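Contents: one structure, followed by commentary.
Derivation of every value follows stated rules applied to the coordinates shown; laboratory data play no part. Just so it is clear, the structure is predicted and the values come from calculations on it, not from any experiment. All Cβ positions, even for glycine, are placed from backbone atoms using ideal geometry, and neighbour counts span all protein chains on display.
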Amino acid sequence: MSNPDREHLAIIAYAAYRSACPDTPPAWDDIPETERRAWTVAVAAVTGQPDATLIAEGVKLHQIIIEGPDQTHVFHNDFTAGRQGTLPIRDEHASAHHCLFQAAHGLWYVEDLGSTNGTFVNGRRVITAQRLKKGDKVRIGHTTVIVVSVGH
């Protein structure tokens, strides 16, 4: 898929995003170039045809660093935490895929995936996707992990 095709799909995806938002974001031509490139990179990733040159042109990948009970983990993409998650939680009170950590618009969020015992951020139960920041304590079952860093 060529770059013009990716950009065309990115424009379509952004238009769908704008129509779904209650507060209409700016038009494609009015958003910063870095955001347009980010949408194009996202389309490339979804279509399975990433282009490293797009990343090299200035679109920064977002990462999150999570300190678990046994080690520290660095993630650049969405991931699940749980007994069978990408972030493994060795806790009988955690579900197999307990919660989802996801990046959106440069921010990281955690969302419970219908676990039996719930997901908590700083002692508060997660009902909908909860934005994460440095220092947040995320409890999964009886296990707490700490957000060491979020961002680039």
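Between the listed residues ALA27, ILE127, LEU9, the Cα displaced farthest toward the positive end of the dipole of the chain, a dipole computed from Cβ unit charges relative to the Cα centre, is found at ILE127.
With contributions of -39500 (n - 2.57) from each DSSP H run of at least four residues, the per-residue ellipticity at 222 nm computed over the chain stands at -7500 deg cm²/dmol. How far is helix 33-46 tilted off the main Cα axis of the chain, in degrees rounded to 10, range 0 to 90? Relative to the chain, helix 33-46 is tipped by roughly 70 degrees.
Convert 20 °C to kelvin, take the viscosity as 1.002 mPa s, use the Kirkwood radius over C-alpha pairs of segment 63-151 as Rh, and evaluate the Stokes-Einstein diffusion coefficient in µm²/s, rounded to a whole number.
It comes out at roughly 173 µm²/s.
Direction-averaged projected area, Cα convex hull, the chain: 9.9 nm², rounded to one decimal. Rounded to the nearest whole Hz, the Karplus-based 3J(HN,Hα) values (6.51 cos²θ - 1.76 cosθ + 1.60, θ = phi - 60°) of segment 70-85 follow the sequence 9, 6, 9, 10, 10, 10, 10, 10, 3, 7, 9, 10, x, 4, 10, x, with x at glycine and proline. Taking Cα atoms only, the orientation of helix 3-20 departs from the longest principal axis of the chain by about 60 degrees.
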